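In what follows, a single structure is set out as structure tokens and then discussed.
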Amino acid sequence: MESTTEGLSERARQLSRDLSLYSVAHVVPAVLSLVALMVFTRTFQPEMFGRYSLSLAVAGIVSTLLYGWLDYSVLRYAPQLDEGLVIRNTFSLYLGISSVLLLAAIGGYLALRHRLGPYTVFYFASLGLALARGGLQILLAFFRSVLNSRKVTLFRLVRAVVALGLSVVLAIFVLDHIVGWVWGTTIGIAVTCVLIFVTSKQVRTAPVVDREIISRLAGYGIPMIGFVVGDAFLVQADRVLLEVFAGSVAVGIYSSNYMLVDRGLRLAYTPMIQAMSPIIIDSWEEDNEDEIAEMLSAFIRYFILLGVPALIGVAVLSQTVSTLLIGDEYTSGYVIIPIVAVGLFLWALANLAQVAIEIKEQTSLLSYGVLVVIALNVALNIPLITAFGYVGAAVATTLSYMCYCVFTLLFSSRYIDWQFPTIPFRNALIGGAVMACPTAVLYVTGTYGLAASLFAAAVGAVLYVAVLYVLDEVGVRDVNKLGELL
């Protein structure tokens with residue numbers, strides 16, 4: 001029992017270090033992404049922004065479909081097998097997939113170029129983004145798998161800075177078209193990949209084909225294709241359906257506000273997921289289920305206590321943030337922000353809980369689950385978009401995330417007997433409800449404004465902590481644990 005406690009303590013210290021670095025790795029890119037959003041929504045009309053968003057969605061789905069499963073395979077096996085052989089075989093798979101994609105894309109362009117219309121200019125930009133994004137994500141997954149959070153942070157920062165600078169120059173000063181944002185992002189990713197190879201001996205190696213390792217990678221990752229595509233599809237399908245049923249303007253308004261909440265909550269959620277998941281996977285020894293169960297329960301408790309106030313904070317400041325950060329033609333879409341925020345919280349919670357399924361290598365189950373949710377998402381989106389426009393799209397997406405979260409929580413506990421932290425979740429919800437009260441008063445009294453909303457949000461955050469303290473959810477023991485981590 002003592003060794004288990006010591007192991008958990010060491011993993012908690014690892015979590016603290018990685019969480020700090022991953023937070024930096026996401027704060028700066030998210031801030032720069034918001035800067036880009038501010039610039040481009042004030043430079044280009046909603047219709048043009050909608051086309052950009054749809055092109056970005058297609059590039060994201062293609063990249064995730066072809067390469068996303070490799071990320072999970074690297075994350076799973078680099079700590080367990082020879083990391084050099086894993087990355088070399090992964091490179092071989094990446095090059096093979098990319099060759100097929102290039103040939104298919106060229107053939108597709110020759111066949112469809114007369115039907116692309118205003119999307120013609122986005123075709124090869126989106127193709128380049130899919131290729132570059134797939135390569136970078138594999139490299140970052142490798143560094144995450146070996147718990148090298150410093151390099152992940154460095155390379156994410158480089159990518160964000162270079163991509164923003166190039167995007168502004170290309171979109172505004174060179175091309176005078178929003179497609180420059182896509183090209184700038186693509187080139188920024190490519191520059192980052194070159195920097196990785198120049199500075200990191202671990203990945204500066206030649207591709208190789210080892211049938212046994214490729215079989216392990218494919219056997220674990222390919223069954224996850226349904227899940228990784230489902231992830232991208234659930235994020236992007238609403239934009240495609242909005243284009244069909246409501247037009248490019250609705251896509252532009254919806255996407256710009258969705259990006260606000262997405263970037264905001266990912267500041268809080270993604271660093272936690274990226275720090276926690278590799279630690280759990282790295283700790284798995286096939287005969288230590290009790291330790292993994294305790295660790296997963298503890299990490300989910302941390303996530304809930306930190307994730308709920310982030311959700312409430314984004315929701316209560318939705319109108320203020322939308323008004324400040326994006327152009328006037330887009331701000332009517334702020335109403336989707338609280339709805340989408342709930343969905344993103346549930347999706348992040350599901351991503352953490354599903355680690356129990358991943359380490360048991362039951363990855364096909366995740367694919368089955370998310371494919372069912374995709375069908376539900378489409379079934380909900382069509383009538384809701386027809387009736388309520390982009391608000392209906394937000395509701396459909398959040399309901400889909402909720403279903404996947406329930407599915408994951410139910411099945412993950414069957415593979416690892418962990419306990420969901422019910423009481424901390426209840427206490428966090430109570431604290432979140434109290435946190436939202438000051439802003440609710442502003443809406444009811446008609447006094448909502450910039451300064452008032454910021455002050456109300458600050459008061460609400462204090463109230464959240466106070467409620468958790470009164471409910472004995474946080475106290476001296478948590479302060480002492482924090483001291484041990486730091």
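The values are calculated or read from the model by the stated rules, or taken from the named source; none is laboratory data. Source: prediction; values computed, not measured. Please note: Cβ atoms are built from the backbone with ideal geometry, for glycine as well, and neighbour counts cover all protein chains shown. Surface areas here come from the heavy atoms of the whole protein model, side chains and all, with no ligands, DNA or RNA. Shrake-Rupley method; radii C 1.70, N 1.55, O 1.52, S 1.80 Å.
Remark: pairs (first residue in region 410-428, in contact (Cβ under 8 Å) with a residue 24 or more places away in the chain; second residue part of a helix (DSSP H, G or I) and of a type in the set (Lys, Arg); Cβ separation under 6 Å; 6+ apart in sequence or on different chains) = PRO421/ARG301; PRO424/ARG301. Taken over region 346-392, the criterion of being open to solvent by less than 10 Å² (accessible area, probe 1.4 Å) and polar (S, T, N, Q) is satisfied by GLN354, THR363, SER367, ASN377, ASN381.
Confirm whether ILE97 is within 24 Å of THR120 (Cα to Cα) and at pLDDT below 85.
In short, no.
If I ask for residues that are of a type in the set (A, V, I, L, M, F, W, C), within 25 Å of the chain's Cα centre (by Cα) and open to solvent by 50 Å² or more (accessible area, probe 1.4 Å), which ones from region 406-432 would you list?
From region 406-432, those of a type in the set (A, V, I, L, M, F, W, C) are 406-407, 409-411, 416, 418, 420, 423, 425, 428-430; that's our starting set.
Then drop every residue that is not within 25 Å of the chain's Cα centre (by Cα), which leaves 406-407, 409-411, 416, 418, 420, 425, 428-429.
If the condition is that a residue be of a type in the set (A, V, I, L, M, F, W, C), within 25 Å of the chain's Cα centre (by Cα) and open to solvent by 50 Å² or more (accessible area, probe 1.4 Å), then VAL406, LEU410, PHE411, PHE420, PHE425, LEU429 are the ones that fit.
Among all residues of region 167-185, there is at least one that is open to solvent by 60 Å² or more (accessible area, probe 1.4 Å) and within 22 Å of the chain's Cα centre (by Cα).
Would you pick out the residues in region 109-120 that are under 22 Å from SER248 (Cβ atoms) and over 27 Å from the mean Cα position of the chain (by Cα)?
The first filter runs over region 109-120 and keeps only residues under 22 Å from SER248 (Cβ atoms), leaving 109, 112-120.
If the condition is that a residue be under 22 Å from SER248 (Cβ atoms) and over 27 Å from the mean Cα position of the chain (by Cα), then TYR109, LEU112, ARG113, HIS114, ARG115, LEU116, GLY117, PRO118, THR120 are the ones that fit.
Of the residues making up region 132-158, those that are under 28 Å from ALA171 (Cβ atoms) and either more than 19 Å from the chain's Cα centre (by Cα) or open to solvent by 30 Å² or more (accessible area, probe 1.4 Å) (or both) are ARG133, GLN137, LEU154, ARG156, LEU157, VAL158. Does any residue of region 212-226 turn out to be without any contact (Cβ under 8 Å) to a residue 40 or more places away in the chain, closer than 20 Å to SER145 by Cα and among the β-branched types (Val, Ile, Thr)? No - not one qualifying residue is present in region 212-226.
Tell me whether region 237-252 contains one or more residues that are in a helix (DSSP H, G or I), open to solvent by 20 Å² or more (accessible area, probe 1.4 Å) and among the basic types (Lys, Arg).
Step one: list which residues in region 237-252 are in a helix (DSSP H, G or I), which gives 237-245, 248-252.
Now narrow it down to the ones that are open to solvent by 20 Å² or more (accessible area, probe 1.4 Å): 240-241, 243-245, 249.
Now drop any that are not among the basic types (Lys, Arg), which leaves none.
No.
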